[in-house]
1. Has the stretch 82-92 got any residue that is free of Cβ contacts under 8 Å to residues at least 40 places away in the same chain, within 17 Å of residue 35 (Cβ to Cβ) and touching a helix residue (DSSP H, G or I) at 6+ places or on another chain (Cβ under 6 Å)?
2. Looking at this structure, is residue 185 more than 29 Å from residue 91 (Cβ to Cβ), modelled with pLDDT under 95 and not in a helix (DSSP H, G or I)?
3. Can you pull out the helices (runs of 4 or more DSSP H) entirely within the stretch 1-120 that have at least 3 residues that are buried (at least 20 other Cβ atoms within 10 Å of the Cβ) and over 24 Å from the mean Cα position of the chain (by Cα)?
4. Given the residues 220, 177, which is the only one that is under 14 Å from residue 153 (Cβ atoms), at pLDDT 85 or above and touching a helix residue (DSSP H, G or I) at 6+ places or on another chain (Cβ under 6 Å)?
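The values are calculated or read from the model by the stated rules, or taken from the named source; none is laboratory data. Remember, it's a predicted structure, so these values are computed and weren't measured experimentally. We place every Cβ from the backbone using ideal geometry, glycine too, and count neighbours over all the protein chains shown.
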């Protein structure tokens, strides 16, 4: 199936069904084959029957999530993903998928919760820190912006100073916070902003950017 050879996949699944007629694993492969053939309703029926036999089968539950997404039914995909994560809460990829599904629906608070779970499972991935910061920045408000600033900072740290997007995130958060009378700036915030600006300018200066360096310098000044 991974190679796209439908004929061979059909033969293999058929042989497995003859050898193991009661196997849930083989039945799941039949469902995946139906998905490959575009027979989504039949695949859903197959998975539903399997879940009746084994309600906690997380592999089948995960297929239900993927199936709903393939059919463009995002609410159903979200529900299926939540059900799956109740059984297998340490699946980082599933949390990432759920976060993306929420973001596709503009549900940023729910997506932020998913990112918090991801950071608990794997706290050393800079891209996850940046994505969480992006969501917090989108939510807005001084508290979220201040937290986003910290996560943009850690994203820069984990990238060894190469995450340009996180640097811009620092500048945006800093600018918004600086314009708020209710926010009290700290010395470390000023330093982080200065370092981010310096790193951005050095990045553009080191590249042949056809005059973009001067434009960026003027914008950040």
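1. Step one: list which residues in the stretch 82-92 are free of Cβ contacts under 8 Å to residues at least 40 places away in the same chain, which gives 82-92.
Then drop every residue that is not within 17 Å of residue 35 (Cβ to Cβ), which leaves 84.
Still in the running and touching a helix residue (DSSP H, G or I) at 6+ places or on another chain (Cβ under 6 Å): 84.
Yes: the stretch 82-92 contains one or more residues that are free of Cβ contacts under 8 Å to residues at least 40 places away in the same chain, within 17 Å of residue 35 (Cβ to Cβ) and touching a helix residue (DSSP H, G or I) at 6+ places or on another chain (Cβ under 6 Å).
2. Against the criterion (more than 29 Å from residue 91 (Cβ to Cβ), modelled with pLDDT under 95 and not in a helix (DSSP H, G or I)), residue 185 qualifies.
3. Qualifying helices (runs of 4 or more DSSP H): 24-36, 40-53.
4. Numbers: 220 fails: under 14 Å from residue 153 (Cβ atoms).
Criteria check complete, one pass: 177.
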